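J.: Take a look at this one; I'll ask things after.
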Amino acid sequence: MKKSLIIVTIMLMLLPLLSACWNQKELTDLAFVMAMGIDKGKDKKFKISFQLVNPGNVTTGQNGGGGGQGLPIAVYRSTGDTITEAARNATKKVSRRLYYAHTNIVVVSEEIAKKELLYIIDALDRDPEFRTTTEMVVAKGCTAEEIVTTLTILDRLPVNKITKQIKASEAMLGENASVNIDEFLTGLVSKGKQPFLNGYSLVGIKSKARTKENLEKTTTDAFLSSNGLAIFHDGKLRGWVNNDKARGFIWILDKLKSTDISIAWKKKKKAIVVAPIRSKTKVSVQFIHQKPHINIKVDSEGWISEANTDIDLTNPEIIGQIDTLVEKEISSQILDSVKAAQKLKCDIFGFGDKVHIANPTLWKKLEKNWDEEFATLKVNVKADFYIRREGIRTKSFWSSMNE
């Protein structure tokens, strides 16, 4: 009797393990949402564009082909006063259940970013099927729908073009940094830091961006391009920073991997180009007369990628002079970025968090009025740069021409 009871108990304990397929989903019943574009609606609050993948037109065949002859994506539009309502209304048009586990990009229009962004974040963060590691970008100078409906050449799936291009720009140019939903939320709820997102634009003839002919040319009529950083305050878009100022932001946030820095030599503009290969930024705070001062220390090293002037790169004194000029340029770009943020009164660097950690008592006094405090905050920058390599040529052909 005792043995039978033990067997029955074990069987009951195993029952939950036997129900593993109760929630299975057949692939043929799912529509994989690769990207979402969220614009301001007319009759409804939101207009959402769902970029769905056509698997048969994307996968590579056994003979190395590029999949089917049709378009790699299909885009369906839906409207609603909430994200949930719009998503469920889409089922009136799509024959399969929308599946968000593979969504890599959420694009929001500038209009949404300025007024309605807070009303879409909770739905994205709360849905267990939606990954908070999904990238977020702001459509600059175009609609979110135009971004998710544009066809791209090199990457059959447009969503891959965006994610890869942002990572490439972050690694090689230093004017973008990948920002996902979770990172945006962290900045949103922080008292001492404001969030930012990458800007993305549609360049060229917009009407041809979504046609198959756009894929059949060596140079397309329209293409997607990263375009600056969108700066937020209390969850609303407040302004943009571009080019060198955007690069300065990335320097301060210690996310810069590489870029190009041009300096003048003997009154010749952009005569020498230096490419950093390693960089480390440390931000600290000190208090003078109960006022916080921010100190930014950048340690970087790199190599000379161009020398379009007569110069002796074997001379240590010359190399030292180049190091000094690069240090000044780095400091200038960083200070320009700080001034741009102070003008917007948006602390995206997290200086407030540094003050909070260093002096919690003083932070309680500054917290409520931190925007104004940040706008007049004293910031010091110290950059140290070292050239480690001159490339495969130490003596430029310019020197030979002048002999």
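The values are calculated or read from the model by the stated rules, or taken from the named source; none is laboratory data. Bear in mind the structure is a predicted one, so any value in this text is a computation, not a measurement. Cβ atoms come from the backbone with ideal geometry, glycine included; neighbour counts cover every protein chain shown. Each accessible area value is taken on the protein alone, full model and side chains, heavy atoms only, with ligands, DNA and RNA left out. Shrake-Rupley method; radii C 1.70, N 1.55, O 1.52, S 1.80 Å.
J.: Between Gln286 and Leu5, what is the FRET efficiency for a Förster distance of 56 Å, r being their Cβ-Cβ separation, to the nearest 0.05?
T.: Efficiency, from the Cβ-Cβ distance: 0.20.
J.: For the chain, what does -39500 (n - 2.57) per DSSP helix run (n ≥ 4), summed and divided by total residues, give at 222 nm, in deg cm²/dmol to the nearest 500?
T.: -9500 deg cm²/dmol
J.: May I ask you to derive the FRET efficiency for Ser95 and Glu129 from their Cβ-Cβ distance with R0 = 25 Å, giving the value to the nearest 0.05?
T.: 0.85
J.: On a 1.4 Å probe surface of the protein chains, which of Thr163, Thr79 comes out largest in accessible area, and what is the full order?
T.: Reading off the accessible areas and sorting them downward yields Thr79, Thr163.
J.: Oh, and also: Which one, Gln333, Trp363, Cys346, is farthest towards the positive end of the dipole of the range 298-367 when Lys and Arg carry +1 and Asp and Glu -1 on their Cβ?
T.: Final value for the positive-end residue is Trp363.
J.: Please tell me the relative contact order of the chain in percent, rounded to the nearest whole number, where contacts are Cα pairs under 8 Å and at least six residues apart.
T.: Relative contact order comes out at 12 percent.
J.: What does the charge add up to near Leu52, with Lys and Arg as +1, Asp and Glu as -1, over the other residues with Cβ less than 13 Å from its Cβ?
T.: +4
J.: Considering only protein heavy atoms, what per residue accessible area in square angstrom results for the range 235-317 with a 1.4 angstrom probe?
T.: Per-residue accessible area for the range 235-317 comes out at 51 Å².
J.: Counting only other residues whose beta carbon sits under 9 Å from that of Glu111, what net charge do I get with K and R as +1, D and E as -1?
T.: 0
J.: Still on this model: Which FRET efficiency value, to the nearest 0.05, is calculated for Met172 and His293 with the Förster distance at 41 angstrom and r the Cβ-Cβ distance?
T.: 0.75
J.: Ignoring ligands, DNA and RNA, what accessible area per residue does the range 330-403 give at 1.4 Å, in Å²?
T.: With all protein chains present, the range 330-403 gives 59 Å² per residue.
J.: Please work out how much length the chain gains when fully extended from Arg389 to Thr309, using 0.36 nm per residue of separation minus the C-alpha to C-alpha distance, in nm with one decimal.
T.: Separation in residues times 0.36 nm, less the Cα-Cα distance, equals 27.1 nm.
J.: Here's something else I'd like to know. Given the pairs Lys164/Lys245; Lys45/Lys167; Lys44/Lys255, which are separated by over 28 angstrom at their Cα positions?
T.: In this structure, Lys45/Lys167; Lys44/Lys255 exceed 28 Å between Cα atoms.
J.: Determine one quarter of the surface area of the Cα convex hull of the chain, which equals its mean projected area, and express it in nm² to one decimal.
T.: It is 32.1 nm².
J.: How much solvent-accessible surface does His102 expose, in Å² to the nearest 10, with a 1.4 Å probe and all protein chains in place?
T.: For His102, solvent-accessible area is about 90 Å².
J.: Further, regarding this structure: So what's the net charge close to Trp303: Lys and Arg +1, Asp and Glu -1, counting the other residues with Cβ under 13 Å from its Cβ?
T.: Local net charge: -1.
J.: Moving on to the next point. For the chain, with all protein chains present and a 1.4 Å probe, just round the carbon and sulfur fraction of the accessible area to a whole percent.
T.: Carbon and sulfur together cover 53 percent of it.
J.: Could you order Thr394, Thr361 by accessible surface area, starting with the largest, using a probe radius of 1.4 Å?
T.: So the residues, ranked largest to smallest area, are Thr361, Thr394.
J.: Another question about this same structure. Of the candidates Ile387, Ile334, Ile250, which one comes out as most mobile in a Gaussian network treatment of the chain with C-alpha springs shorter than 10 Å?
T.: Ranking Ile387, Ile334, Ile250 by mean-square fluctuation puts Ile387 first.
J.: Express as a percent, rounded to the nearest 5, the fraction of DSSP beta bridges in the chain (both residues included) that run antiparallel.
T.: So the antiparallel bridges amount to about 65 percent of the total.
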